[in-house]
Amino acid sequence: QVQLVESGGGLVQPGGSLRLSCAASGSGFSRSVVGWYRQAPVKQRELVADLTSGGITNYADSVKGRFTISRDNAKNTVYLQMNILKPEDTAVYYCNLKFRLLNYWGQGTQVTVSS
């Protein structure tokens, strides 16, 4: 069983930065695909970025050049560094882990970009 706990969300002004963290419990982290998704009010959940066990990254077009996903396998943690934040980045951000055909989700952390 895998549990994911996100942290690092909050309120930030446009142009600011935040770093989200997601700590995973259980085994298999280093062999998993990890990712961040987000869901804004009345919108569907969408992929923000993911990262394979081999280091291949994939980003949504809307965040390319501004967000960076990374992982620390020694700490079972995945990060999302978010720079040059925009009001349209406001959403609940969810950590995701895929391992052996199973899909795990964190509880979500709110990110609000507003002046």
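A few notes on this one:
- Options 60, 91: the member that is farther than 13 Å from residue 19 by Cα and crowded, with 17+ Cβ neighbours inside 10 Å: 91
- In the stretch 6-28 there is at least one residue matching the filter, namely being in contact (Cβ under 8 Å) with a residue 40 or more places away in the chain, assigned to a strand (DSSP E or B), within 30 Å of residue 115 (Cβ to Cβ) and out of contact with any Ser or Thr (no Cβ under 8 Å at 6 or more places or on another chain).
- Residue 83 open to solvent by 20 Å² or more (accessible area, probe 1.4 Å), at pLDDT 95 or above and of a type in the set (S, T, N, Q): yes
- Strands (runs of 3 or more DSSP E) (entirely within the stretch 64-115) containing at least 1 residues that are under 18 Å from residue 27 (Cα atoms): 67-72, 77-82, 91-99, 102-105
- Within the stretch 64-79, considering residues that are over 17 Å from residue 98 (Cα atoms) and within 12 Å of the chain's Cα centre (by Cα), the one surrounded by the most Cβ atoms within 10 Å (Cβ to Cβ): 67
- Residue 18 meets each of the listed conditions (1) open to solvent by less than 10 Å² (accessible area, probe 1.4 Å); (2) of a type outside the set (D, E, K, R); (3) more than 11 Å from the chain's Cα centre (by Cα) apart from (1).
The values are calculated or read from the model by the stated rules, or taken from the named source; none is laboratory data. Given the structure is predicted, the values throughout are model-derived calculations rather than measurements. Using ideal geometry, Cβ is built from the backbone for each residue, glycine included, and neighbour counts are taken over all protein chains shown. Protein only, heavy atoms only, side chains kept; ligands, DNA and RNA dropped before computing areas. Shrake-Rupley method; radii C 1.70, N 1.55, O 1.52, S 1.80 Å.
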